[in-house]
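K.L.:
I'd like to ask some things about the structure below.
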Amino acid sequence: MNKTILAFLDEAVGKYDDKPYLYEARSGVNYTSLTYREVQEKSKQFAAGLMQLGLQAGERVALMSEGKSYWVIGELGVLHAAGVCVPLSVKLETEQDITFRINHSECVIVMASDQQITKLRPLKDKLPTVKHFILLDEVANAEPDEIPFDTVLENGQSFMNAHPDALEERMRTVTPDTLANISYTSGTTANPKGIMLSHGNYTCNAEQAVEHLNGLPSYYRTLLILPWDHSFGHTAGIYSFMKCGASIASVAAGKTPMEILRNVPKSIQAINPHLLMSVPALAANFRKNIEAGIQKKGKTTENLFNKALKLAYAYNKEGFNKGAGAPFWQKPLLKLYDKLIFSKIRQSFASNMDYFIGGGALLDIELQRFFYAIGIQMYQGYGLSEATPIISANSPKAHKLGSSGKPVPHMDIKIVDDKGSEVPTGEKGEIVIRGGNVMKGYWKNPEATAQTIVDGWLHTGDMGYLDKDGYLYVLGRTKSLLISNDGEKFSPEGIEEAIMAKSPYIDQIVLHNNQSPYTTALIVANADALKKQTANPEAAARIIENELNAYLKGGKYDGEFPYRWIPSAFAVLEEPFTEKNGLVNSTMKIVKHKVYDKYAARIEELHTAEGKKPDSRSNLEVFKKLLG
């Protein structure tokens, strides 16, 4: 039976009352906490303050802020007032991106942090439905229509004193089917879609996630590094931890996004989390920092670390078959290595860490093997915002590295072909699901809703298959497939992730094949790594060529992927794919169609005799600039 988020919080307060729920550091990394009861009381006060401002049941309130305690209290306040929260990414920069979402959802109030209100002020006259702006931080020179969060809390208390029954009456109108959020897609198209998620969607998916992980101990703490507006952090963090009486912390505050980013390692040390939620880009960054720390300790330590890593990879296998058929001496030697080196890495990173949960884009198996080896398992999951978002995940009780784990309980899943017919186990097709975690639909977009939810089944648009043990393997989007000249299709994400993870010279890569005789690649090279090897553009071209050829017959990674999909030609680019140039979205995924559009001329050139050469004129020009 689905519940409301209000009932979810009520249950948590009943069980965990004075236990810390939210941790926050406003100056430095000195964390203070709010208990479950304090969070509930403040949320109700804030809800009453919103009612005093005139918020009606069902009206929308936008929330644009970095993670902090008032983020959660703000959203819970909106929900207690029977409103709908519209969480917006702090990475939205353009006028079109911001105004479209606020206007499309017809928000009447906007809550914003000090950093985000500076983006919103120049746009106020383009937001006709917005009546008030609420500031989550102390802001100097606030404008007349900007109200401090604490003032709304104070006014809420006065409203409750004057109208003692008003809030309770409003709360009684909230049902599991009541809309809780409109969560906008990350904007890979001109007009992103607003995903409608109900109270029941969130509570259902949080309960599915917790049951799937066999529960989370109430002593667990997490540092919620991921964007709080994103459904993964939302469900797996804010609501799953609420369900278990566990605690969440925000990254220590900073005056700029860069300062907040620099505070991540300090916050990890201060909070010492038991579990972290991560995306591949973040996990890869953690790995680079760990390896850099090992290299600083000298060649002896580095050699010992590499030997230990090699042994751990061999012993751990794919996780579910750990130690199977291993020689008797491997386990005690691995314990010795763990004592000498891996335990010290864990101590310096976060000594409480039990495991990572990985979501977002496909996570390369090499990255999973690395963290498994050092004793912090990384369990890849898979989800979609339209599924609130968790669909499957590896877990301590059942994990197979390279897979996206087993589907969550109380949800139907099947793999279907182009005609919608279910395919046998092991065969590839589109992943479709049905359950209480499936969205209500797209806001003001019945056509897109009808195309996505068919007879109650959510069509994910992702390719995958289920193996004989029930593990889901996700192969990438059906719409970004490589298509050869004979019509065969292949998902490029696995190859791209592997090349980026294994090559020190390739930072980013996008494969392309639109019914051509061979596959091509657009590459962002690591200039610093290349400079350590050569100052010669021709030599740099050969280095990149060799990195790709390693996946062909006789190469170091021969057999990992079918040869026909390994790029036969590549173009090196001058600038990386970033959010700033619009080629990466807010969840750190490269927006393929925009990359293809921007570099159409380079892709076309790769199909000429000159362009196919690794040391083509175009590539040499770029290498000269990179190495100069």
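K.L.:
Yes or no: GLU59 crowded, with 18+ Cβ neighbours inside 10 Å, among the charged types (D, E, K, R), in the same structural domain as ILE98 (by TED's automatic domain parsing) and under 18 Å from THR235 (Cα atoms)?
P.N.:
no
K.L.:
Let me ask something additional. Can you tell me which residue among GLY54, GLY83 is within 24 Å of SER158 (Cβ to Cβ) and out of contact with any helix residue (DSSP H, G or I) (no Cβ under 8 Å at 6 or more places or on another chain)?
P.N.:
When all the criteria are applied, what remains is GLY54.
K.L.:
Go through the stretch 584-625 and give me each residue that's crowded, with 19+ Cβ neighbours inside 10 Å, in contact with an Asp or Glu (Cβ under 9 Å, 6 or more places away or on another chain) and hydrophobic (A, V, I, L, M, F, W, C).
P.N.:
Scanning the stretch 584-625 gives ILE590, VAL622, PHE623.
K.L.:
Scan the stretch 211-268 for residues that are out of contact with any helix residue (DSSP H, G or I) (no Cβ under 7 Å at 6 or more places or on another chain) and of a type in the set (D, E, K, R) and jot them down.
P.N.:
GLU211, ASP229, LYS255, GLU259, ARG262, LYS266, listed by residue number.
K.L.:
Restricting to the stretch 581-628, and then to whatever is charged (D, E, K, R) and touching a residue at least 60 places away in the same chain (Cβ under 8 Å), can you tell me which residue is nearest to LEU481 (Cα to Cα)?
P.N.:
Looking at the filtered set, the residue picked out is LYS592.
K.L.:
Quick check on my filter: what residues within the stretch 136-169 are among the acidic types (Asp, Glu) and part of a loop (DSSP other than H, G, I, E, B)?
P.N.:
ASP137, GLU138, GLU143, ASP145, ASP165 - these are the residues of the stretch 136-169 that are among the acidic types (Asp, Glu) and part of a loop (DSSP other than H, G, I, E, B).
K.L.:
Let me ask something else about it. Which is of a type in the set (S, T, N, Q), in a helix (DSSP H, G or I), within 18 Å of the chain's Cα centre (by Cα) and modelled with pLDDT under 90, of ASN289, ASN285?
P.N.:
Of the residues listed, the single one that is of a type in the set (S, T, N, Q), in a helix (DSSP H, G or I), within 18 Å of the chain's Cα centre (by Cα) and modelled with pLDDT under 90 is ASN285.
K.L.:
Let me ask something additional. Can you tell which of THR99, THR118 is assigned to a helix (DSSP H, G or I) and free of Cβ contacts under 8 Å to residues at least 24 places away in the same chain?
P.N.:
THR118
K.L.:
Quick one: GLY67 ticks every box in (1) buried (at least 19 other Cβ atoms within 10 Å of the Cβ); (2) at pLDDT below 95 bar one, so which box is it?
P.N.:
So GLY67 meets the others, but not (2).
K.L.:
So which residues in the stretch 218-237 are outside any loop (DSSP other than H, G, I, E, B) and either under 16 Å from GLY358 (Cα atoms) or touching a Gly at 6+ places or on another chain (Cβ under 6 Å) (or both)?
P.N.:
Correct list: THR222, LEU223, SER231, PHE232, GLY233, HIS234, THR235, ALA236, GLY237.
K.L.:
Pick from the stretch 529-569 the residues that are under 33 Å from the mean Cα position of the chain (by Cα) and acidic (Asp, Glu): which of them is nearest to ILE506 (Cα to Cα)?
P.N.:
The qualifying residue nearest to ILE506 (Cα to Cα) is GLU547.
K.L.:
Answer with yes or no whether LYS444 is over 16 Å from ILE195 (Cα atoms), more than 23 Å from the chain's Cα centre (by Cα) and at pLDDT 95 or above.
P.N.:
no
K.L.:
Taking ARG287 and the conditions (1) closer than 27 Å to LEU216 by Cα; (2) surrounded by fewer than 18 Cβ atoms within 10 Å (Cβ to Cβ); (3) free of Cβ contacts under 8 Å to residues at least 60 places away in the same chain; (4) of a type in the set (Lys, Arg), which numbered condition does it fall short on, given that it satisfies the others?
P.N.:
(3)
K.L.:
Just to be sure I understand the filter: pairs with C-beta atoms under 9 Å, separated by 6 or more residues or on different chains, first member in the stretch 399-418 and in the same structural domain as ILE365 (by TED's automatic domain parsing) and without any contact (Cβ under 8 Å) to a residue 60 or more places away in the chain, second member surrounded by 15 or more Cβ atoms within 10 Å (Cβ to Cβ) and acidic (Asp, Glu). Which pairs pass?
P.N.:
ILE415/GLU430; VAL416/GLU430; ASP417/GLU430; ASP418/GLU430
K.L.:
While we're on this one: Just to verify a result, which residue in the stretch 89-109, among those that are crowded, with 18+ Cβ neighbours inside 10 Å and in contact with a Lys or Arg (Cβ under 6 Å, 6 or more places away or on another chain), is farthest from ASN581 (Cα to Cα)?
P.N.:
Once the filter is applied, the top-ranked residue is VAL108.
K.L.:
Restricting the search to the stretch 310-366, which residues are touching a helix residue (DSSP H, G or I) at 6+ places or on another chain (Cβ under 7 Å) and assigned to a loop (DSSP other than H, G, I, E, B)?
P.N.:
The answer is GLY319, LYS322, GLY323, ALA326, MET353, GLY359, GLY360, ALA361, LEU362, LEU363, ASP364.
K.L.:
Can you find a residue that is more than 28 Å from MET463 (Cβ to Cβ) and surrounded by fewer than 21 Cβ atoms within 10 Å (Cβ to Cβ) anywhere in the stretch 316-323?
P.N.:
Yes, that holds for at least one residue.
K.L.:
Same structure again: Considering only residues of the stretch 15-38 that are part of a loop (DSSP other than H, G, I, E, B) and among the charged types (D, E, K, R), which is surrounded by the most Cβ atoms within 10 Å (Cβ to Cβ)?
P.N.:
Per the stated criteria, the residue is LYS19.
K.L.:
If the Cβ limit is 6 Å and pairs must be 6+ apart or interchain, which residue in the stretch 325-346 that is under 11 Å from LEU311 (Cα atoms) pairs with which residue that is among the aromatic types (Phe, Trp, Tyr) and assigned to a helix (DSSP H, G or I)?
P.N.:
Taking only residues 6 or more apart or on different chains, the pairs are ALA326/TYR315; GLN330/TYR315; LEU334/TYR315.
K.L.:
Among the candidates ALA312, ALA373, ALA387, which residue alone is among the small types (Gly, Ala, Ser) and within 23 Å of GLY215 (Cα to Cα)?
P.N.:
ALA387
The values are calculated or read from the model by the stated rules, or taken from the named source; none is laboratory data. In this text, all values refer to a predicted model and were calculated from it rather than measured experimentally. Positions of Cβ are generated from backbone atoms using ideal geometry, with glycine treated the same way; all protein chains shown enter the neighbour counts.
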